[in-house]
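The block underneath contains the structure these notes are about, expressed in structure tokens.
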Amino acid sequence: MVSQGMRAEDIANHFYPGNAESMRADNIPKILRDATVKAKRTARTEAAAREDAIVEQTFKVNNVKYFNWIIEPGACQKCTLLAMSGPYKVGDEDSPRVPESSHPNCRCRRMSISVERGDKNRIGDNKVDFDFIDSDEFKSKFDNLTDDPKVNQQLRKYAIAMLTHRTGTDGEDSYIFDSAGNVVNKSFGNSNKLEVSVSSERVKELISEYGRGTMIGMHNHPTNVPPTGSDYTASGFRGYSFGIVVTHDGNIYKYSHGNRPFHQHLFDKNVEDIIKNGYTDDVERAYNETVKKLEGYGIKCEKL
């Protein structure tokens, strides 16, 4: 019997014998449960921010120049896109940070890269042979890039401009074209730095205006290597119809991403392993074998 002065626990046991604990749990006010979840979420977010700040200082102390965005299995689309569009330069204002570039409660991490992209597998030097660039053989490489001769001519024009601008340097230029061949974005990297980037904000603007699968991306490789892992992931992130790599020794590579995303290091590590394990000392062949090995991801590359 319930009587005046009984404790809440006694009343619960009277009406719900053996279930007082679960009854109390079920009746905790929703506002308290929500507040608890929010507090934990805020604590994890602040801890991630502090950890990321320490990582940033560690990068600088150890003279780390580049990093990748590392995700966990089942990561959200935003974080997956951040991982696909790396590597990033330490200290660059466009480079992402945890969690301000992702979302609260983010469990992603930034990991340093010890070797700059493409530097290990250089083919030849970065000087351009303009006698070859001015030849019909080189110019004809662009004839069948698309079904539109005007677009092909535009692509050839800017490829020659890139090579003229960057001959004898490790600097990279990037152009993005719409389906009619108009330049919709251009970026220029620093001289003697094997990098050129397009900010995530600008990529979103381009996709919003032109749509995915319509644009063509083109950049030069002073190292003369075929498209790298980051080129395929950037193609997917930016929504290219296809990409073009123009090397300083006059080769043209047309490449495209697939519908199945993968981390760029999966590609680059395969290239490295093929060379390191002695399967071939031909860098270009190592890239070709890697494309074949990863064809299940839908990536394609054609040397013109």
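The values are calculated or read from the model by the stated rules, or taken from the named source; none is laboratory data. Computed from a predicted model, the values in this text were never measured in an experiment. FYI the Cβ positions are ideal-geometry reconstructions off the backbone, even for glycines, and counts take in every protein chain you see.
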What do you reckon, is Y279 buried (at least 20 other Cβ atoms within 10 Å of the Cβ) and either at pLDDT 95 or above or farther than 29 Å from L206 by Cα (or both)?
-> no
Filter result (in contact with a strand residue (DSSP E or B) (Cβ under 7 Å, 6 or more places away or on another chain) and aliphatic (A, V, I, L, M)) within region 184-215 = V184, V196, V198, L206, M215
Residue check for E195: in the same structural domain as S140 (by TED's automatic domain parsing) and not in a loop (DSSP other than H, G, I, E, B) | no
Test result for G239, small (G, A, S), crowded, with 23+ Cβ neighbours inside 10 Å and farther than 28 Å from D136 by Cβ | no
Members of region 154-192 found to be closer than 23 Å to D249 by Cβ and in a loop (DSSP other than H, G, I, E, B), listed by number = T167, G168, T169, D170, G171, E172, G189, N190, S191, N192
Which one is nearest to the chain's Cα centre (by Cα) among residues in region 47-95 that are closer than 15 Å to G229 by Cα and of a type in the set (G, A, S)?
-> S85
Any idea which residue in region 129-149 is surrounded by the most Cβ atoms within 10 Å (Cβ to Cβ), counting only those that are of a type outside the set (A, V, I, L, M, F, W, C) and assigned to a loop (DSSP other than H, G, I, E, B)?
-> T146
Taking region 161-184 as the region of interest, how many residues are among the β-branched types (V, I, T), in contact with a Phe, Trp or Tyr (Cβ under 9 Å, 6 or more places away or on another chain), free of Cβ contacts under 8 Å to residues at least 60 places away in the same chain and within 26 Å of V203 (Cβ to Cβ)?
-> 2
With the first residue restricted to region 74-95 and required to be closer than 12 Å to P261 by Cβ and at pLDDT below 80, and the second required to be surrounded by fewer than 21 Cβ atoms within 10 Å (Cβ to Cβ) and among the charged types (D, E, K, R), Cβ contacts under 6 Å at 6 or more apart or on different chains are none
Does R107 fit the bill of being out of contact with any strand residue (DSSP E or B) (no Cβ under 6 Å at 6 or more places or on another chain), modelled with pLDDT under 90 and under 18 Å from Y253 (Cα atoms)?
-> no
Strands (runs of 3 or more DSSP E) (entirely within region 198-304) containing at least 2 residues that are aliphatic (A, V, I, L, M) and assigned by TED's automatic domain parsing to the domain that holds Q154 = 215-221, 240-247
